[in-house]
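The values are calculated or read from the model by the stated rules, or taken from the named source; none is laboratory data. Every value quoted in this text rests on a predicted model; they were computed, and no experiment measured them. Cβ sites come from the backbone with ideal geometry, for glycine too, and all protein chains shown count toward neighbours.
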Amino acid sequence: MPELPEVETVRARLEPLLVGRRFERVTILDPRVTRPTEPQEVAAELEGERVQAVERRGKYLVVRFETGRVLLIHLRMTGTLRHTREGTPEHDPHVRVVVNLDDGSDVTYRDVRRFGTWLLLEPGQDAEYLSKRLGEEPLSRAFTPASLAARLDRRRAPVKAALLDQRAAAGMGNIYVDEALWRAQIHPLRAAGDLDADEVKRLHKAVRDALKAGIARQGTTLRDYRTPDGGRGRMQTALRVYGREGEPCFRCGAQIGKTRAGGRGTWYCPNCQPLMPNGTDG
Ligand SMILES: [Zn+2]
């Protein structure tokens, strides 16, 4: 599932290809992409719009048009965006949207599981829509140990669940939460509100470091995720803990364990991410 580093990679690749381009023709083949709005209606509204900026907020790709309208694309489980100059493959049953741009190139949206969404907002609607759903952007200056502490304060949920909830810090999913908790040496089942100031500080740095590592390697390709030119990310070979059950911890050599937290398969080192830190009996 694409998380912040994957969406950021897509954004960075699409930005120079889309800015200044006009959406000439838009074909939405699956009503689930735009529901409850009719796909033909959204397609007609998008035609003629010229792209001013391609931004990202959390896991949302934010396409800003010169008219002030904003298209929010969420890739969910298996959505991918592909930019081509040689036309769209006609026999691919998983293509959900095709955008023909005014320079003759195409952007194709493909989604096997069909959970991804395209939402067109009128000018001025995006700020409230996004701030209601998302916490601080973890790579921005607004994300500080204090802002993270405030978001985790008094929460009884496991810290893993709190970080999967996009309101604690935007953009993380199962992979990068596990990676951040391993880096911070915090057990995924610790109650979020029980972390002390030093642990929150470590977690803050670990979140940023884990996400930056993913961006530097163009994201993690386990299955579906692709960059807009069809390439794969390289982070899957540099993961420290995610998916490494039974393998030695890179820090201490103990066997990586697996549990469930926040409803998701969760990997951690039982030795350097203790459930009861400092020998306290909790
Ligand atoms: Zn370890």
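Quick notes on this structure:
- Some residue of segment 193-209 being in a loop (DSSP other than H, G, I, E, B) and crowded, with 19+ Cβ neighbours inside 10 Å: yes
- Test for A206: is it of a type in the set (A, V, I, L, M), at pLDDT 95 or above, away from the ligand (no atom under 13 Å from the Cβ) and farther than 25 Å from G79 by Cα: yes
- Residues satisfying the stated conditions in segment 184-212, i.e. farther than 23 Å from P270 by Cβ and in contact (Cβ under 8 Å) with a residue 60 or more places away in the chain: H204, R208, L211, K212
- Those residues of segment 250-273 which are within 11 Å of the ligand (Cβ to nearest atom), touching a strand residue (DSSP E or B) at 6+ places or on another chain (Cβ under 8 Å) and in contact (Cβ under 8 Å) with a residue 40 or more places away in the chain, in sequence order: Y268, C269
- Taken together, the criteria exclude E128 from residues that are outside any strand (DSSP E or B), more than 23 Å from the chain's Cα centre (by Cα) and either modelled with pLDDT of 95 or more or closer than 20 Å to P39 by Cβ (or both).
- In segment 139-157, residue surrounded by the most Cβ atoms within 10 Å (Cβ to Cβ) [restricted to those that are in contact (Cβ under 8 Å) with a residue 40 or more places away in the chain and under 14 Å from K201 (Cβ atoms)]: L148
- Of the residues making up segment 133-153, those that are of a type in the set (K, R) and more than 17 Å from the chain's Cα centre (by Cα) are R141, R151.
- Verdict on G231 being under 30 Å from Y109 (Cα atoms), within 24 Å of the chain's Cα centre (by Cα), surrounded by fewer than 15 Cβ atoms within 10 Å (Cβ to Cβ) and away from the ligand (no atom under 16 Å from the Cβ): yes
- Residue satisfying all of: in segment 158-192; β-branched (V, I, T) and within 21 Å of the chain's Cα centre (by Cα); surrounded by the most Cβ atoms within 10 Å (Cβ to Cβ) among these: V159
- Qualifying strands (runs of 3 or more DSSP E) (wholly inside segment 2-120; at least 3 residues being within 27 Å of K212 (Cα to Cα) and either at pLDDT 95 or above or in contact with a Lys or Arg (Cβ under 9 Å, 6 or more places away or on another chain) (or both)): 51-57, 60-65, 70-74, 79-84, 106-111
- Residue list for segment 234-243, filter: among the basic types (K, R) and away from the ligand (no atom under 11 Å from the Cβ): R234
- Candidates in segment 212-228 are the residues that are outside any loop (DSSP other than H, G, I, E, B) and small (G, A, S); of these, the one that is farthest from the ligand (Cβ to nearest atom) is A216.
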